Structure formats: structure tokens, C-alpha cells
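J.: My structure is below; once you've seen it, I'll send some questions.
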Amino acid sequence: MTRAAGRPAALPTPGYQAPRRLFLDDGQCLVRFFPESGGPPVDYDFAAFPVARELVVWLATAFAAATAPAGRRRTTSSAKSAFGLLRRFAQHLASLNRPPAHPAQLRAAHLESCQMAGLGTPNLNRELPTLRSVLRFAPDGAGQDFLARLASGGLERNSTPAASYTTAEFDRITSTARAPSCGGPPTGSSPGGNCWHAGGPCRSTPKRSREPGSTASCWTTWSGTATSRAGTPAGADSPTTVSVRSGRTD
């Protein structure tokens, strides 16, 4: 199988000098980005980052190398996304009670707290890899535990399941739910109409009974009343509600 020969890459002309990308003169901290696909350059200003100057320069230097031709952030959208993440990281550091003043003071806890502050954002799982791909170009000087945490996976998770009920509570609830219907009159009732027997509450439908010596049938409710449903006693003009005591009508 033969492969089509590729076109040789264009080489710089003799005397070519790469354009300046990092500007730190006169209090500046600016990175000039040249898109891989061509087009006008884009300037990213780090001077407004609300952290110490040493940290600002450290972040800007990493961004300049990550967006260079040898870096991994060479498209306009990729560079913009990386700059926004670095800015949010700097803003988070500035919001701490004791913000770090230089890279050596960065700790793993700074990454953890930054991720916790971003919980709920749609791109949280991609932020640490993006930060890692940019800060790998940063100059030496960051704390070792910070670098170790940066090289690890995403946000640490606790895989231990949390139980809603204890085993005893779960057994009690399920045994109550599976209890058979009432076999006799309840010993008590709750305001909501649940019946109670000596063994505890049970879920039962009302019991249908027929008054002795009458053609009227009724439904016995747990509140202790019987309501005529299939007929009316002799001499009555409307369905009758009567009290029930131990299966008898008074």
C-alpha cells in the first residue's frame, strides 16, 4: 500500500525572527497570540489579574508557551478558553483569606478549593486537564504537592455509599409495608384514617358488612361509622350513617 506524498512544510526565510509574544516592560503583562490558521494576532492582558505580580508573570509565561507554535493551544477558541480558566483561577486565589504571593506558595488545596467553588458548572471535568496542559509550560517554582495534584485526575470523589436508613430501620419499614390486611376491628385509629392493631399499623381497605335483619349493606370505616351504600333501612328517607360498636349497629 502506497501513501500519497505530503507537501513539505514551508520553512522560514533566512534572517526570520519569531514575533515577540510576551510583553513585560513598564508594568505590562501581555501575551500576543498568533492563530494557527492565520489572521490578526490577539492580545491577552494579564495585568488585570488580581494576584501578586510574581504570580501574574508566572501564569502569563505559561500561557505564552502553551499558545506558541510548539504548544497545544494554537486555535483562537482554545487560547480564549485557556485564558478564561487562568483568569478564574487567579480570581479564586485572590478571594482566599491568605492568597499566595508567589508560585512556591501554591498548594494542592488551592486546586481543590477552586474546583469545589466551580461545582455545578458544565465544564468542571475539563478544567483541571486544561489547567494542567497550560501550566506544564510554566517556569519552575511551584509547590511540589501542587504539581502532584495538577498531574493527577479530576476532583477527588468519595465512593463510599451513604445509607439513608440503618439496617434495623429498613427492616422495620419494609415489614410494616408488607403487613397483611386487617383481620378484625382496629384497636385504635389515627386522624388520617390508618388503623392500628397490637402488632402496629397496617394498610387495609374498609370492610363491607351487612346489618343483621336488614337489606342495607354498609362500609365500615376506621373512624367507627357505617354508611349505607346499597339501600336504606325501613322508614328512612335517605342513606343512613350509624355508629358501629363491635360489629353491631346502635
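J.: What about residue 40, is it in contact (Cβ under 8 Å) with a residue 24 or more places away in the chain and of a type outside the set (Gly, Ala, Ser)?
T.: No, not satisfied.
J.: Considering only residues that are farther than 18 Å from residue 30 by Cβ and small (Gly, Ala, Ser), which ones fall in the stretch 69-93?
T.: 70, 77, 78, 81
J.: Name the residue that is nearest to the chain's Cα centre (by Cα), counting only residues in the stretch 47-95 that are of a type in the set (Lys, Arg) and under 14 Å from residue 134 (Cβ atoms).
T.: 88
Quick note: the coordinates plus some simple rules give every number you see, no bench work behind them. Not measured: the values here are computed from a predicted model. So basically every Cβ, Gly included, is an ideal-geometry build from the backbone, and we count neighbours across all protein chains shown.
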